[in-house]
1. Taking a quarter of the surface of the convex hull around the Cα atoms of segment 235-301, what do you get in nm²?
2. Using only the alpha carbons of the chain, what is the convex hull's orientation-averaged projected area in square nanometres?
3. Report, in whole Å, the centroid distance computed from the Cα atoms of segment 264-302 and segment 202-230.
4. For every other residue with a beta carbon closer than 12 angstrom to the beta carbon of Ile266, add +1 if it is Lys or Arg and -1 if Asp or Glu, then tell me the sum.
5. Considering the options Asn270, Thr126, Gln337, tell which one lies farthest towards the positive end of the dipole of the chain, charges being +1 on Lys and Arg and -1 on Asp and Glu at the Cβ, about the Cα centre.
6. Based on the mean of other beta carbon atoms within 10 Å per residue, what is the order of 300-306, 310-316, most packed first?
7. Just want to confirm a number: the relative contact order over the chain, from Cα pairs under 8 angstrom separated by 6+ residues, in percent.
8. When only Cα pairs under 8 Å and 6 or more residues apart are kept, what is the percent relative contact order across segment 62-221?
Amino acid sequence: MKHKNIIYVFALFVFFGFACQNSEPKEVKGQQEEVVKTRVLTTFDSLNLGINQDPTNSVLYNKRANFFLIAGDHNKALADISTAIQYDTTNPDIWLTLADIYFAKERFVDSREILLKTKKMDPENTAAILKLARLYFIYQDYKKTMDYADEALDLDPMLADAFFLKAMTYSEKGDTASAIFQYQKSVEVEPDFYDAWVMLGNLQAAKNNPLAEQYYQNALNLDTNNTHAIYIMGLYYQNIGKLDDAIGMYESMIDKEESENAYYNIGYVNLVYIEDYQQAIINFQKALNINENYYDALFNLALALELSGDKEDARAKYRELLKKVPNHEKALSQLNQLD
């Protein structure tokens, strides 16, 4: 799938890329990871070989720069793209890579200037235009964000990313109806636009509209092994009180991938709604086995112990939490009540 992580859109994968988050069953996940690793190394070796054989090939330097950028080695990426520019100053793709590298290095002004330069070089380059729109979204300059998104759509009315960005902008401005309309345009253009389905679900869930479930299901249907989709469906069921369905989703998620959050949520449902304190204890402990610094899990484990009647163990857990977070107000309050 092309779109998976737009929720984290400005944090990863070359500023305007969308990384795939595919979660497979445990028995095949390790094998698939090895296959991917082998392919990545083969690609990298091929790039190195190609550059050795043709050391003035700007396209190969650009590709390797993107490889380093995705790998998080921004300095090597910058070195390669600088070499590419030495051999070719007319290729917009090379300048776009430089803009991505500057963005990754948090040199936002430099990134903007390179994008403007690229747009001047190639006025109909929708990639450059959309990157500018996203950059201004970060600056919270929503007028320029919309202007650039609309400019891109004028050039290509089938840009799902542009509709998505307009939706995000409307949402930031508090115009939920317009945001929903733009997200719907995104999925009309690109039915496998995972993040648009998720955002539609979120907006409808906030309105208590049962249509949210269908939108979340649409996201999950794109990849039934996607643990993120399973988790948000579980959260939705939890929030509307369908507790058995919520626990079922969390357990399905755990079957595919050990998850501290899934264990925590099962514990929370048992603690707060079902009042099955023993099940709550078991699941909070499982969350802590994965992440010993999961402070909410530790607090709720102590609370479940207290409510189950195990006051001494509850005290010990509250004290353990206070060693890690000395000013944890809820833990202090509960411990004071016990003492």
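What follows is calculated from the coordinates using simple rules that are stated; it is not laboratory data. All values reported here derive from a predicted model rather than from experimental measurement. Every residue, glycine among them, receives a Cβ derived from its backbone with ideal geometry; neighbour counts consider all protein chains shown.
1. Mean orientational projected area (segment 235-301, Cα hull): 3.9 nm².
2. Over all viewing directions, the chain projects a mean Cα-hull area of 20.3 nm².
3. Using only Cα atoms, the two centres lie 25 Å from each other.
4. -3
5. Sorting the options by dipole projection puts first Thr126.
6. By packing density, highest mean first, the sequence is 300-306, 310-316.
7. 10 percent
8. 11 percent
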